[in-house]
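The values are calculated or read from the model by the stated rules, or taken from the named source; none is laboratory data. None of the values given here were measured: they were computed from a predicted structure. Here the Cβ positions follow ideal geometry from the backbone for every residue, glycine too, while neighbour counts run over all protein chains shown.
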Amino acid sequence: MDDSYLKAVGAADIKSQGDRLLYRFFEVLPGGVAWFTIAGIFVFSWLLPVFTSFFIIAFDLYWLFKTVFLSIHLRAGYREMRRRMKINWREKLDGITEYPSELGVRSWRDIRHLVILPFYKESYVVVSEAVEAIRNSDYPHENLWVVLAAEERAGDEARVVAENIEKENSAFFGRILAVVHPANLPGEMPGKGSNETWAARRAKEEILDKESVPLEHVLVSSLDIDTQIPPGYFSVLTHEYLTSSKPLRSSYQPIPVYNNNIWDSPAFSRVVAVSGTFWQTMQQSRPERLTTFSSHSMPMKALVEIGYWQTNIVSEDSRIFWQAFLFYDGDWRTVPLFYPVSMDANVGPTLRETAKNVYIQQRRWGWGVENVPYTLFGFWKNKKIPLQKKIYFAFNQLEGFWAWATNAFILFFLGWLPVILGGTRFGTTVLSHNLPRITRSIMTLAMFGLVTSAIISVSLLPKRPVSKPIRTRLWMVLQWVLLPFTIVLFGSLPGLEAQTRLMFGWRLGFWVTPKYRHQKPESR
(Lines give C-alpha, C1' and ligand atoms only; values in the text may rest on other atoms or scores of the structure.)
Protein backbone atom coordinates (compact mmCIF):
# COMPACT_ATOMS: atom_id res chain seq x y z
CA MET A 1 0.00 0.00 0.00
CA ASP A 2 1.23 3.49 -0.87
CA ASP A 3 1.58 5.27 2.46
CA SER A 4 3.28 8.42 1.14
CA TYR A 5 0.21 10.36 2.28
CA LEU A 6 1.41 9.92 5.88
CA LYS A 7 3.80 12.83 5.28
CA ALA A 8 1.32 14.96 3.34
CA VAL A 9 0.83 18.63 4.23
CA GLY A 10 -2.02 19.33 1.83
CA ALA A 11 -3.72 18.22 -1.35
CA ALA A 12 -0.76 19.35 -3.48
CA ASP A 13 1.35 16.57 -1.92
CA ILE A 14 -0.95 13.81 -3.19
CA LYS A 15 0.29 12.20 -6.41
CA SER A 16 -2.89 10.88 -8.00
CA GLN A 17 -5.23 13.51 -9.44
CA GLY A 18 -8.32 11.68 -8.18
CA ASP A 19 -6.87 11.36 -4.70
CA ARG A 20 -5.74 14.97 -4.80
CA LEU A 21 -9.29 16.12 -5.54
CA LEU A 22 -10.60 13.96 -2.70
CA TYR A 23 -8.05 15.42 -0.28
CA ARG A 24 -9.00 18.90 -1.46
CA PHE A 25 -12.68 18.11 -0.79
CA PHE A 26 -11.76 17.11 2.75
CA GLU A 27 -9.87 20.42 3.16
CA VAL A 28 -12.97 22.37 2.12
CA LEU A 29 -15.37 20.29 4.23
CA PRO A 30 -14.90 21.77 7.77
CA GLY A 31 -15.02 25.41 6.67
CA GLY A 32 -17.79 24.69 4.17
CA VAL A 33 -20.01 23.13 6.85
CA ALA A 34 -19.29 25.99 9.28
CA TRP A 35 -20.11 28.72 6.75
CA PHE A 36 -23.18 26.83 5.53
CA THR A 37 -24.45 26.74 9.12
CA ILE A 38 -23.90 30.46 9.70
CA ALA A 39 -25.26 31.54 6.33
CA GLY A 40 -28.12 29.08 6.61
CA ILE A 41 -29.39 30.64 9.82
CA PHE A 42 -29.56 34.03 8.08
CA VAL A 43 -31.36 32.61 5.03
CA PHE A 44 -33.78 30.38 6.92
CA SER A 45 -34.52 33.12 9.48
CA TRP A 46 -35.79 35.14 6.52
CA LEU A 47 -37.52 32.40 4.55
CA LEU A 48 -38.56 29.94 7.26
CA PRO A 49 -38.56 31.83 10.59
CA VAL A 50 -40.77 29.31 12.41
CA PHE A 51 -38.56 26.35 11.46
CA THR A 52 -35.41 28.34 12.37
CA SER A 53 -36.89 29.35 15.73
CA PHE A 54 -37.52 25.74 16.66
CA PHE A 55 -34.01 24.84 15.47
CA ILE A 56 -32.51 27.54 17.69
CA ILE A 57 -34.52 26.41 20.72
CA ALA A 58 -33.48 22.81 20.07
CA PHE A 59 -29.85 23.91 19.70
CA ASP A 60 -29.99 25.86 22.96
CA LEU A 61 -31.35 22.78 24.74
CA TYR A 62 -28.60 20.70 23.17
CA TRP A 63 -26.06 23.22 24.45
CA LEU A 64 -27.59 23.08 27.94
CA PHE A 65 -27.36 19.29 28.11
CA LYS A 66 -23.85 19.38 26.63
CA THR A 67 -22.78 21.93 29.27
CA VAL A 68 -24.10 19.67 32.04
CA PHE A 69 -22.42 16.64 30.48
CA LEU A 70 -19.04 18.38 30.14
CA SER A 71 -19.31 19.85 33.66
CA ILE A 72 -19.65 16.33 35.03
CA HIS A 73 -16.51 15.27 33.17
CA LEU A 74 -14.69 18.41 34.34
CA ARG A 75 -15.44 17.67 37.99
CA ALA A 76 -14.49 14.01 37.55
CA GLY A 77 -11.21 14.90 35.85
CA TYR A 78 -10.42 17.55 38.46
CA ARG A 79 -11.05 15.14 41.35
CA GLU A 80 -8.84 12.52 39.75
CA MET A 81 -6.07 15.06 39.20
CA ARG A 82 -6.20 16.16 42.84
CA ARG A 83 -6.17 12.52 43.96
CA ARG A 84 -3.16 11.68 41.84
CA MET A 85 -1.22 14.70 43.02
CA LYS A 86 -1.34 13.29 46.57
CA ILE A 87 0.14 9.91 45.58
CA ASN A 88 3.81 9.09 46.10
CA TRP A 89 4.51 7.70 42.64
CA ARG A 90 8.04 6.58 43.51
CA GLU A 91 6.52 4.22 46.06
CA LYS A 92 3.97 3.08 43.50
CA LEU A 93 6.82 2.23 41.12
CA ASP A 94 8.46 0.07 43.78
CA GLY A 95 5.19 -1.81 44.13
CA ILE A 96 5.12 -3.00 40.49
CA THR A 97 5.92 -6.71 40.37
CA GLU A 98 5.17 -7.57 36.74
CA TYR A 99 6.33 -5.75 33.64
CA PRO A 100 5.02 -5.89 30.06
CA SER A 101 6.98 -8.57 28.22
CA GLU A 102 7.30 -6.43 25.06
CA LEU A 103 9.39 -3.87 26.97
CA GLY A 104 12.07 -6.32 28.09
CA VAL A 105 12.68 -4.55 31.43
CA ARG A 106 13.53 -6.12 34.77
CA SER A 107 12.90 -3.01 36.87
CA TRP A 108 11.26 0.38 36.52
CA ARG A 109 14.78 1.79 36.86
CA ASP A 110 15.51 0.52 33.34
CA ILE A 111 13.21 3.23 31.95
CA ARG A 112 15.00 6.33 30.67
CA HIS A 113 13.38 9.64 29.82
CA LEU A 114 14.55 11.69 26.87
CA VAL A 115 13.28 15.24 27.41
CA ILE A 116 13.32 17.54 24.39
CA LEU A 117 13.05 21.29 25.01
CA PRO A 118 12.74 23.09 21.65
CA PHE A 119 13.01 26.86 21.85
CA TYR A 120 13.42 29.89 19.62
CA LYS A 121 14.14 33.32 21.10
CA GLU A 122 12.96 32.66 24.64
CA SER A 123 15.07 34.19 27.38
CA TYR A 124 17.62 32.45 29.57
CA VAL A 125 15.16 32.73 32.47
CA VAL A 126 12.39 30.84 30.66
CA VAL A 127 14.71 28.05 29.48
CA SER A 128 16.55 27.69 32.78
CA GLU A 129 13.30 27.49 34.77
CA ALA A 130 12.14 24.61 32.58
CA VAL A 131 15.43 22.77 33.21
CA GLU A 132 15.33 23.58 36.92
CA ALA A 133 11.90 21.96 37.19
CA ILE A 134 13.34 18.78 35.63
CA ARG A 135 16.22 18.92 38.12
CA ASN A 136 13.66 18.93 40.93
CA SER A 137 12.18 15.66 39.68
CA ASP A 138 12.05 12.75 42.12
CA TYR A 139 13.01 10.35 39.32
CA PRO A 140 16.64 9.12 39.31
CA HIS A 141 18.56 11.87 37.54
CA GLU A 142 20.95 9.44 35.87
CA ASN A 143 17.92 8.19 33.93
CA LEU A 144 17.04 11.65 32.63
CA TRP A 145 18.46 12.86 29.33
CA VAL A 146 17.75 16.49 28.43
CA VAL A 147 18.13 17.99 24.96
CA LEU A 148 18.17 21.77 24.61
CA ALA A 149 17.07 22.35 21.03
CA ALA A 150 17.98 25.87 19.87
CA GLU A 151 17.17 27.34 16.46
CA GLU A 152 19.97 28.59 14.20
CA ARG A 153 17.58 31.20 12.77
CA ALA A 154 17.27 32.71 16.27
CA GLY A 155 20.92 33.81 16.10
CA ASP A 156 23.89 33.28 18.40
CA GLU A 157 21.98 34.30 21.51
CA ALA A 158 19.85 31.12 21.47
CA ARG A 159 22.93 28.94 20.96
CA VAL A 160 24.71 30.66 23.87
CA VAL A 161 21.68 30.16 26.14
CA ALA A 162 21.62 26.44 25.32
CA GLU A 163 25.37 25.99 25.80
CA ASN A 164 25.45 27.89 29.10
CA ILE A 165 22.57 25.91 30.55
CA GLU A 166 24.21 22.69 29.32
CA LYS A 167 27.41 23.56 31.22
CA GLU A 168 25.55 24.58 34.37
CA ASN A 169 23.57 21.34 34.51
CA SER A 170 26.02 18.75 33.17
CA ALA A 171 26.48 17.20 36.61
CA PHE A 172 22.77 16.82 37.35
CA PHE A 173 21.55 14.50 34.57
CA GLY A 174 22.54 11.28 32.87
CA ARG A 175 23.15 13.46 29.81
CA ILE A 176 22.33 17.00 28.80
CA LEU A 177 22.88 17.93 25.20
CA ALA A 178 22.70 21.30 23.46
CA VAL A 179 21.92 21.09 19.74
CA VAL A 180 21.23 23.72 17.10
CA HIS A 181 18.63 23.08 14.43
CA PRO A 182 19.96 24.39 11.09
CA ALA A 183 17.86 26.93 9.25
CA ASN A 184 16.37 26.42 5.77
CA LEU A 185 16.66 22.65 5.53
CA PRO A 186 14.88 21.29 2.42
CA GLY A 187 11.26 20.32 2.95
CA GLU A 188 11.02 21.89 6.39
CA MET A 189 8.83 24.61 7.86
CA PRO A 190 10.40 26.71 10.61
CA GLY A 191 8.67 25.61 13.79
CA LYS A 192 8.52 23.22 16.69
CA GLY A 193 8.06 20.04 14.63
CA SER A 194 11.22 20.44 12.58
CA ASN A 195 13.24 21.50 15.64
CA GLU A 196 12.17 18.64 17.90
CA THR A 197 12.66 16.09 15.12
CA TRP A 198 16.21 17.33 14.56
CA ALA A 199 16.82 17.14 18.32
CA ALA A 200 15.40 13.61 18.62
CA ARG A 201 17.57 12.35 15.76
CA ARG A 202 20.70 13.90 17.30
CA ALA A 203 19.85 12.40 20.69
CA LYS A 204 19.42 8.96 19.18
CA GLU A 205 22.83 9.21 17.51
CA GLU A 206 24.70 10.81 20.41
CA ILE A 207 23.10 9.00 23.36
CA LEU A 208 20.95 5.96 22.58
CA ASP A 209 23.10 4.44 19.83
CA LYS A 210 26.37 5.03 21.68
CA GLU A 211 25.05 3.56 24.93
CA SER A 212 23.18 0.75 23.15
CA VAL A 213 19.95 1.44 25.04
CA PRO A 214 16.92 -0.51 23.72
CA LEU A 215 14.36 1.87 22.24
CA GLU A 216 11.62 0.14 24.25
CA HIS A 217 13.31 1.43 27.42
CA VAL A 218 13.05 5.09 26.43
CA LEU A 219 10.11 7.48 26.75
CA VAL A 220 10.37 10.75 24.84
CA SER A 221 8.77 13.87 26.29
CA SER A 222 8.48 16.85 23.97
CA LEU A 223 7.87 19.84 26.24
CA ASP A 224 7.05 23.38 25.19
CA ILE A 225 9.83 25.54 26.56
CA ASP A 226 7.55 27.23 29.13
CA THR A 227 6.56 23.83 30.58
CA GLN A 228 7.49 23.32 34.22
CA ILE A 229 6.87 19.79 35.42
CA PRO A 230 6.02 18.90 39.04
CA PRO A 231 8.52 16.65 40.86
CA GLY A 232 6.46 13.49 40.41
CA TYR A 233 5.88 13.84 36.68
CA PHE A 234 8.38 11.27 35.38
CA SER A 235 7.41 8.82 38.10
CA VAL A 236 3.71 8.91 37.20
CA LEU A 237 4.62 8.78 33.50
CA THR A 238 6.81 5.71 34.09
CA HIS A 239 4.07 4.06 36.13
CA GLU A 240 1.51 4.56 33.37
CA TYR A 241 3.96 3.26 30.78
CA LEU A 242 4.68 0.09 32.77
CA THR A 243 1.03 -0.59 33.62
CA SER A 244 -0.55 0.31 30.28
CA SER A 245 -2.26 -2.47 28.36
CA LYS A 246 -0.33 -1.46 25.23
CA PRO A 247 2.65 0.65 26.32
CA LEU A 248 4.32 0.74 22.89
CA ARG A 249 1.09 1.76 21.16
CA SER A 250 0.23 4.73 23.36
CA SER A 251 0.96 8.42 23.81
CA TYR A 252 0.84 9.91 27.31
CA GLN A 253 -0.80 13.26 27.97
CA PRO A 254 -0.60 15.54 31.04
CA ILE A 255 -3.02 18.39 31.79
CA PRO A 256 -1.66 21.84 30.89
CA VAL A 257 -2.31 24.36 33.67
CA TYR A 258 -1.31 27.90 32.71
CA ASN A 259 -0.03 29.02 36.10
CA ASN A 260 3.54 30.22 35.49
CA ASN A 261 2.47 33.85 35.07
CA ILE A 262 -1.25 33.68 35.78
CA TRP A 263 -1.13 36.54 38.33
CA ASP A 264 0.36 38.88 35.72
CA SER A 265 -2.10 38.08 32.93
CA PRO A 266 -5.19 40.21 32.17
CA ALA A 267 -8.63 38.79 32.88
CA PHE A 268 -9.52 37.82 29.29
CA SER A 269 -6.22 35.99 28.88
CA ARG A 270 -6.81 34.10 32.13
CA VAL A 271 -10.28 33.03 31.04
CA VAL A 272 -8.95 31.74 27.71
CA ALA A 273 -6.05 29.94 29.42
CA VAL A 274 -8.14 28.31 32.14
CA SER A 275 -10.78 27.35 29.56
CA GLY A 276 -8.02 25.46 27.75
CA THR A 277 -7.11 23.67 30.98
CA PHE A 278 -10.75 22.76 31.55
CA TRP A 279 -11.12 21.36 28.05
CA GLN A 280 -8.06 19.16 28.45
CA THR A 281 -9.30 18.01 31.87
CA MET A 282 -12.66 17.04 30.36
CA GLN A 283 -10.91 15.15 27.58
CA GLN A 284 -8.83 13.20 30.10
CA SER A 285 -12.12 11.90 31.50
CA ARG A 286 -13.01 10.74 27.98
CA PRO A 287 -9.81 8.89 27.00
CA GLU A 288 -11.45 7.35 23.93
CA ARG A 289 -11.48 10.91 22.44
CA LEU A 290 -8.14 12.08 23.81
CA THR A 291 -5.33 13.05 21.42
CA THR A 292 -1.95 14.63 22.08
CA PHE A 293 -1.64 18.36 22.68
CA SER A 294 1.29 20.68 23.34
CA SER A 295 3.62 18.90 25.83
CA HIS A 296 3.26 15.13 25.57
CA SER A 297 5.19 11.85 25.77
CA MET A 298 5.48 8.67 23.70
CA PRO A 299 7.77 5.63 23.32
CA MET A 300 11.00 6.24 21.44
CA LYS A 301 10.49 2.99 19.50
CA ALA A 302 7.22 4.22 18.02
CA LEU A 303 8.63 7.68 17.32
CA VAL A 304 11.47 6.18 15.29
CA GLU A 305 9.19 3.77 13.44
CA ILE A 306 6.76 6.46 12.26
CA GLY A 307 9.59 8.80 11.23
CA TYR A 308 9.47 11.37 14.06
CA TRP A 309 7.31 14.49 14.08
CA GLN A 310 6.35 15.90 10.73
CA THR A 311 8.71 18.76 9.88
CA ASN A 312 6.54 20.82 7.53
CA ILE A 313 3.28 21.45 9.41
CA VAL A 314 2.03 23.72 12.18
CA SER A 315 0.05 21.32 14.39
CA GLU A 316 2.78 18.76 14.98
CA ASP A 317 1.61 18.06 18.56
CA SER A 318 -1.75 16.64 17.44
CA ARG A 319 -0.49 15.36 14.07
CA ILE A 320 1.89 12.94 15.79
CA PHE A 321 -1.15 11.16 17.24
CA TRP A 322 -2.79 10.78 13.83
CA GLN A 323 0.51 9.74 12.23
CA ALA A 324 0.77 6.90 14.72
CA PHE A 325 -2.94 6.06 14.47
CA LEU A 326 -2.73 5.62 10.69
CA PHE A 327 0.72 3.99 10.71
CA TYR A 328 -0.39 1.33 13.22
CA ASP A 329 -3.76 0.76 11.49
CA GLY A 330 -5.82 2.35 14.25
CA ASP A 331 -3.96 0.59 17.08
CA TRP A 332 -2.97 3.78 18.90
CA ARG A 333 -4.40 5.65 21.86
CA THR A 334 -3.58 8.47 24.26
CA VAL A 335 -3.31 7.53 27.93
CA PRO A 336 -4.48 10.36 30.24
CA LEU A 337 -2.05 11.05 33.07
CA PHE A 338 -4.50 13.20 35.09
CA TYR A 339 -1.36 15.04 36.19
CA PRO A 340 -0.65 18.74 35.66
CA VAL A 341 2.25 20.55 34.08
CA SER A 342 2.53 24.31 34.53
CA MET A 343 2.78 26.56 31.48
CA ASP A 344 2.55 30.26 30.58
CA ALA A 345 -0.69 32.11 30.05
CA ASN A 346 -0.48 34.43 27.07
CA VAL A 347 0.83 37.79 28.26
CA GLY A 348 2.29 40.67 26.28
CA PRO A 349 3.91 43.96 27.32
CA THR A 350 0.60 45.79 26.71
CA LEU A 351 -3.09 44.89 26.82
CA ARG A 352 -3.33 45.29 23.06
CA GLU A 353 -0.34 43.04 22.42
CA THR A 354 -1.78 40.45 24.79
CA ALA A 355 -5.12 40.44 22.94
CA LYS A 356 -3.31 40.13 19.61
CA ASN A 357 -1.14 37.27 20.87
CA VAL A 358 -4.11 35.41 22.38
CA TYR A 359 -5.99 35.61 19.08
CA ILE A 360 -3.03 34.45 17.01
CA GLN A 361 -2.31 31.59 19.40
CA GLN A 362 -5.94 30.45 19.27
CA ARG A 363 -5.87 30.64 15.47
CA ARG A 364 -2.75 28.49 15.46
CA TRP A 365 -4.47 25.93 17.68
CA GLY A 366 -7.51 26.18 15.41
CA TRP A 367 -5.21 25.33 12.51
CA GLY A 368 -5.27 21.84 13.96
CA VAL A 369 -8.16 21.53 11.51
CA GLU A 370 -5.47 20.59 8.97
CA ASN A 371 -5.62 17.17 10.62
CA VAL A 372 -9.22 16.68 9.43
CA PRO A 373 -8.38 16.14 5.72
CA TYR A 374 -5.24 14.26 6.71
CA THR A 375 -7.23 11.85 8.88
CA LEU A 376 -10.24 11.46 6.59
CA PHE A 377 -7.99 10.79 3.59
CA GLY A 378 -5.99 8.32 5.68
CA PHE A 379 -9.19 6.53 6.62
CA TRP A 380 -10.08 6.31 2.92
CA LYS A 381 -6.69 4.83 2.00
CA ASN A 382 -6.14 2.53 4.98
CA LYS A 383 -8.45 -0.47 4.70
CA LYS A 384 -7.11 -2.16 7.85
CA ILE A 385 -8.63 0.31 10.33
CA PRO A 386 -12.02 -0.97 11.55
CA LEU A 387 -14.94 0.93 10.00
CA GLN A 388 -16.44 1.63 13.41
CA LYS A 389 -13.27 3.42 14.49
CA LYS A 390 -13.21 5.43 11.28
CA ILE A 391 -16.80 6.61 11.73
CA TYR A 392 -16.25 7.43 15.41
CA PHE A 393 -13.14 9.53 14.94
CA ALA A 394 -14.33 11.15 11.72
CA PHE A 395 -17.54 12.31 13.39
CA ASN A 396 -15.74 13.53 16.52
CA GLN A 397 -13.25 15.55 14.50
CA LEU A 398 -15.84 17.16 12.24
CA GLU A 399 -18.30 17.84 15.06
CA GLY A 400 -15.55 19.27 17.26
CA PHE A 401 -14.27 21.77 14.71
CA TRP A 402 -17.82 22.63 13.60
CA ALA A 403 -18.73 23.40 17.22
CA TRP A 404 -15.53 25.42 17.68
CA ALA A 405 -16.33 27.69 14.73
CA THR A 406 -20.10 28.07 15.01
CA ASN A 407 -21.59 27.38 18.42
CA ALA A 408 -20.72 30.69 20.08
CA PHE A 409 -22.10 32.65 17.13
CA ILE A 410 -25.37 30.70 17.27
CA LEU A 411 -25.70 31.15 21.01
CA PHE A 412 -24.91 34.84 21.36
CA PHE A 413 -25.69 36.46 18.01
CA LEU A 414 -27.74 34.38 15.60
CA GLY A 415 -30.49 33.27 17.97
CA TRP A 416 -32.33 36.56 17.50
CA LEU A 417 -32.35 36.53 13.70
CA PRO A 418 -35.84 35.02 13.19
CA VAL A 419 -37.31 37.94 15.15
CA ILE A 420 -35.32 40.47 13.11
CA LEU A 421 -35.60 38.89 9.65
CA GLY A 422 -38.84 36.94 9.94
CA GLY A 423 -41.05 39.80 8.75
CA THR A 424 -44.24 41.27 10.13
CA ARG A 425 -46.26 38.09 9.75
CA PHE A 426 -43.89 36.11 11.95
CA GLY A 427 -43.51 39.12 14.26
CA THR A 428 -47.18 38.88 15.28
CA THR A 429 -46.94 35.22 16.38
CA VAL A 430 -46.65 33.98 19.96
CA LEU A 431 -43.43 32.17 19.03
CA SER A 432 -41.83 35.45 17.90
CA HIS A 433 -42.54 37.08 21.26
CA ASN A 434 -41.46 34.05 23.28
CA LEU A 435 -38.29 33.12 21.37
CA PRO A 436 -36.02 35.68 23.11
CA ARG A 437 -37.43 34.74 26.53
CA ILE A 438 -37.04 31.00 25.93
CA THR A 439 -33.47 31.26 24.65
CA ARG A 440 -32.53 33.65 27.45
CA SER A 441 -33.89 31.25 30.08
CA ILE A 442 -32.04 28.28 28.61
CA MET A 443 -28.80 30.23 28.41
CA THR A 444 -29.21 31.41 32.00
CA LEU A 445 -29.46 27.80 33.13
CA ALA A 446 -26.39 26.91 31.07
CA MET A 447 -24.43 29.76 32.67
CA PHE A 448 -24.77 28.13 36.09
CA GLY A 449 -21.86 26.00 34.95
CA LEU A 450 -19.74 29.12 35.42
CA VAL A 451 -20.00 28.61 39.18
CA THR A 452 -18.18 25.29 38.88
CA SER A 453 -15.61 26.89 36.57
CA ALA A 454 -14.96 29.75 39.01
CA ILE A 455 -14.51 27.43 42.00
CA ILE A 456 -12.13 25.06 40.21
CA SER A 457 -10.15 27.92 38.61
CA VAL A 458 -9.48 29.49 42.02
CA SER A 459 -8.44 26.15 43.52
CA LEU A 460 -5.86 25.73 40.72
CA LEU A 461 -4.17 29.06 41.43
CA PRO A 462 -0.59 29.13 42.72
CA LYS A 463 0.30 31.19 45.77
CA ARG A 464 -0.57 34.87 45.51
CA PRO A 465 2.47 37.17 45.07
CA VAL A 466 2.79 39.74 47.86
CA SER A 467 2.59 42.47 45.22
CA LYS A 468 -0.98 41.43 44.40
CA PRO A 469 -3.73 42.60 46.79
CA ILE A 470 -6.10 40.08 48.35
CA ARG A 471 -8.96 41.42 46.23
CA THR A 472 -7.21 39.98 43.17
CA ARG A 473 -8.67 36.60 44.13
CA LEU A 474 -12.13 38.15 43.84
CA TRP A 475 -11.34 39.21 40.26
CA MET A 476 -10.33 35.61 39.56
CA VAL A 477 -13.95 34.67 40.27
CA LEU A 478 -15.66 37.64 38.62
CA GLN A 479 -13.58 37.23 35.45
CA TRP A 480 -15.89 34.44 34.29
CA VAL A 481 -18.54 36.97 33.26
CA LEU A 482 -16.21 37.56 30.30
CA LEU A 483 -16.70 34.00 29.03
CA PRO A 484 -19.38 34.83 26.41
CA PHE A 485 -17.04 37.42 24.89
CA THR A 486 -13.88 35.28 25.05
CA ILE A 487 -15.44 32.23 23.41
CA VAL A 488 -16.53 34.42 20.50
CA LEU A 489 -13.49 36.71 20.09
CA PHE A 490 -10.83 34.17 21.08
CA GLY A 491 -12.68 30.95 20.24
CA SER A 492 -15.12 30.86 17.36
CA LEU A 493 -13.60 33.77 15.44
CA PRO A 494 -10.01 32.43 15.19
CA GLY A 495 -11.38 28.91 14.74
CA LEU A 496 -13.55 30.04 11.83
CA GLU A 497 -10.64 31.95 10.31
CA ALA A 498 -8.43 28.85 10.45
CA GLN A 499 -11.09 26.73 8.75
CA THR A 500 -11.69 29.40 6.12
CA ARG A 501 -7.97 29.57 5.37
CA LEU A 502 -7.87 25.80 4.91
CA MET A 503 -10.98 25.94 2.71
CA PHE A 504 -9.36 28.45 0.33
CA GLY A 505 -5.86 26.96 0.53
CA TRP A 506 -4.35 29.90 2.45
CA ARG A 507 -1.87 27.95 4.51
CA LEU A 508 -0.77 29.13 7.91
CA GLY A 509 2.87 29.29 9.01
CA PHE A 510 4.13 28.43 12.48
CA TRP A 511 3.89 31.27 14.99
CA VAL A 512 5.97 31.14 18.17
CA THR A 513 4.00 32.43 21.15
CA PRO A 514 6.09 35.14 22.85
CA LYS A 515 6.96 34.37 26.47
CA TYR A 516 6.67 37.49 28.59
CA ARG A 517 7.43 37.28 32.30
CA HIS A 518 7.41 39.90 35.03
CA GLN A 519 10.01 39.59 37.74
CA LYS A 520 8.78 36.97 40.18
CA PRO A 521 8.32 38.49 43.67
CA GLU A 522 7.97 36.51 46.87
CA SER A 523 4.67 34.60 47.06
CA ARG A 524 2.40 33.74 49.92
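For segment 10-23, the set of residues classified as surrounded by fewer than 18 Cβ atoms within 10 Å (Cβ to Cβ) and either among the charged types (D, E, K, R) or assigned to a loop (DSSP other than H, G, I, E, B) (or both) consists of D13, K15, S16, D19, R20, listed by residue number. Looking across segment 427-446, the residues that are touching a residue at least 24 places away in the same chain (Cβ under 8 Å) and either on the phi > 0 side of the Ramachandran plot or not small (G, A, S) (or both) come down to T429, L431, L435, I438, T439, I442, M443, L445. Would you point out which residue out of E288, E305, E353 is surrounded by fewer than 24 Cβ atoms within 10 Å (Cβ to Cβ), modelled with pLDDT of 95 or more, acidic (D, E) and not in a loop (DSSP other than H, G, I, E, B)? Matching residue, one of E288, E305, E353: E305.
Yes/no matrix, rows are residues, columns are (1) buried (at least 20 other Cβ atoms within 10 Å of the Cβ); (2) not assigned by TED's automatic domain parsing to the domain that holds P254; (3) not charged (D, E, K, R):
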site: A267; (1), (2), (3): no, no, yes
site: S297; (1), (2), (3): yes, no, yes
site: Q310; (1), (2), (3): yes, no, yes
site: Q323; (1), (2), (3): yes, no, yes
site: D329; (1), (2), (3): no, no, no
site: N357; (1), (2), (3): no, yes, yes
site: I360; (1), (2), (3): no, yes, yes
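Does I87 satisfy the criteria of being of a type outside the set (S, T, Y), at pLDDT 90 or above and not in a helix (DSSP H, G or I)? The answer is yes for I87. Taken as a whole, the condition of being among the hydrophobic types (A, V, I, L, M, F, W, C) and in a helix (DSSP H, G or I) applies to V126. Residues in segment 146-160 that are part of a strand (DSSP E or B) and either surrounded by fewer than 24 Cβ atoms within 10 Å (Cβ to Cβ) or of a type in the set (V, I, T) (or both): V146, V147. When each of H181, H217 is tested for being surrounded by 23 or more Cβ atoms within 10 Å (Cβ to Cβ), touching a Lys or Arg at 6+ places or on another chain (Cβ under 9 Å) and of a type outside the set (A, V, I, L, M, F, W, C), the lone residue that passes is H181.
Looking only at segment 229-247, count every residue that is among the small types (G, A, S) and buried (at least 20 other Cβ atoms within 10 Å of the Cβ) and tell me the total.
2
Mind checking which residues of segment 249-278 are over 19 Å from P514 (Cα atoms), touching a helix residue (DSSP H, G or I) at 6+ places or on another chain (Cβ under 6 Å) and assigned to a helix (DSSP H, G or I)? Across segment 249-278, the qualifying residue is only F278. Return yes or no: is K384 charged (D, E, K, R), assigned by TED's automatic domain parsing to the domain that holds L478, in contact (Cβ under 8 Å) with a residue 24 or more places away in the chain and not in a helix (DSSP H, G or I)? So K384 fits the description; yes.
Please work out if E163 is outside any loop (DSSP other than H, G, I, E, B), surrounded by fewer than 20 Cβ atoms within 10 Å (Cβ to Cβ), touching a Lys or Arg at 6+ places or on another chain (Cβ under 9 Å) and not polar (S, T, N, Q). For E163, the condition - outside any loop (DSSP other than H, G, I, E, B), surrounded by fewer than 20 Cβ atoms within 10 Å (Cβ to Cβ), touching a Lys or Arg at 6+ places or on another chain (Cβ under 9 Å) and not polar (S, T, N, Q) - is not met. Search segment 121-133 for residues that are touching a residue at least 12 places away in the same chain (Cβ under 8 Å) and in the same structural domain as Q228 (by TED's automatic domain parsing) and pair each with any residue that is in a helix (DSSP H, G or I) and of a type in the set (G, A, S) when their beta-carbon atoms are under 7 Å apart and the residues are at least 6 apart or on different chains. Matching pairs, first to second residue: K121/A154; K121/A158.
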